[in-house]
Amino acid sequence: MESTSSKVLALTKKLMDFIERIESRFIHTQENKMEPDFFNEVKPFADEVHALLLEWEKETVEWIGIAAPKYIHSQQIVSTVENVNHVTVQCFYPDTREKRFKGMIQSIRYVLNDILSKK
């Protein structure tokens with residue numbers, strides 16, 4: 001259980017770093033209003049985040065099954081993965097709605113911080 005727990009902690013911290021980068025990119029995009037180059041900017045970044053998400057989801061769901069942390073459920077993990085996938089691409093586009101984007105970021109951070117607090 002300890003190795004799964006420490007792996008979830010490390011992956012969650014990495015994911016938090018990506019969320020910071022995503023939010024910074026969103027702010028930059030909103031200020032500059034420039035369309036991205038999909039194959040040179042968006043896709044490589046999204047692939048990098050997606051690879052981390054796959055491992056994070058697997059490890060975290062396994063950890064939930066073993067540790068049964070209070071108030072954290074596997075459905076939250078699935079929703080968080082979906083939200084991260086959305087914001088990873090949306091942060092590059094100037095027509096992204098700020099309220100919706102920030103709501104997703106807030107939801108993602110809530111789940112990640114909840115996981116970090118259970119360690």
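Worth pointing out:
- Being within 22 Å of S5 (Cβ to Cβ), without any contact (Cβ under 8 Å) to a residue 12 or more places away in the chain and of a type in the set (F, W, Y) is a description that applies to Y110.
- For the range 9-39, the set of residues classified as among the aliphatic types (A, V, I, L, M), assigned to a helix (DSSP H, G or I) and under 23 Å from R100 (Cβ atoms) consists of L15, M16, I19, I22, I27, listed by residue number.
- Residues within the range 94-115 that are of a type outside the set (S, T, N, Q) and either loosely packed, with under 15 Cβ neighbours inside 10 Å or in contact with a His (Cβ under 7 Å, 6 or more places away or on another chain) (or both), tallied: 10
- Sole exception among (1) closer than 17 Å to Y110 by Cβ; (2) touching a helix residue (DSSP H, G or I) at 6+ places or on another chain (Cβ under 7 Å); (3) in a helix (DSSP H, G or I) for W63, by number: (1)
- Condition broken by M34, with the remaining ones in (1) of a type outside the set (V, I, T); (2) under 21 Å from S117 (Cα atoms); (3) modelled with pLDDT under 95 satisfied: (2)
- Which listed residue, of V87, V49, V42, is in a helix (DSSP H, G or I), within 23 Å of S5 (Cα to Cα), among the β-branched types (V, I, T) and at pLDDT 95 or above: V49
- When residues of the range 1-43 are limited to those that are in contact (Cβ under 8 Å) with a residue 12 or more places away in the chain, within 23 Å of M104 (Cβ to Cβ) and hydroxyl-bearing (S, T, Y), the one surrounded by the fewest Cβ atoms within 10 Å (Cβ to Cβ): T29
- Considered as a group, the residues in the range 47-104 that are touching a residue at least 60 places away in the same chain (Cβ under 8 Å) and among the polar types (S, T, N, Q) include one that is nearest to K14 (Cα to Cα), and that residue is T88.
- In summary, F92 fulfils each of the numbered conditions (1) part of a helix (DSSP H, G or I); (2) touching a helix residue (DSSP H, G or I) at 6+ places or on another chain (Cβ under 7 Å); (3) at pLDDT 95 or above with the single exception of condition (1).
The values are calculated or read from the model by the stated rules, or taken from the named source; none is laboratory data. What you are looking at is a predicted structure, and each value in this text was computed from that prediction instead of being measured. Positions of Cβ are backbone-derived with ideal geometry, glycine not excepted, and every protein chain shown enters the neighbour counts.
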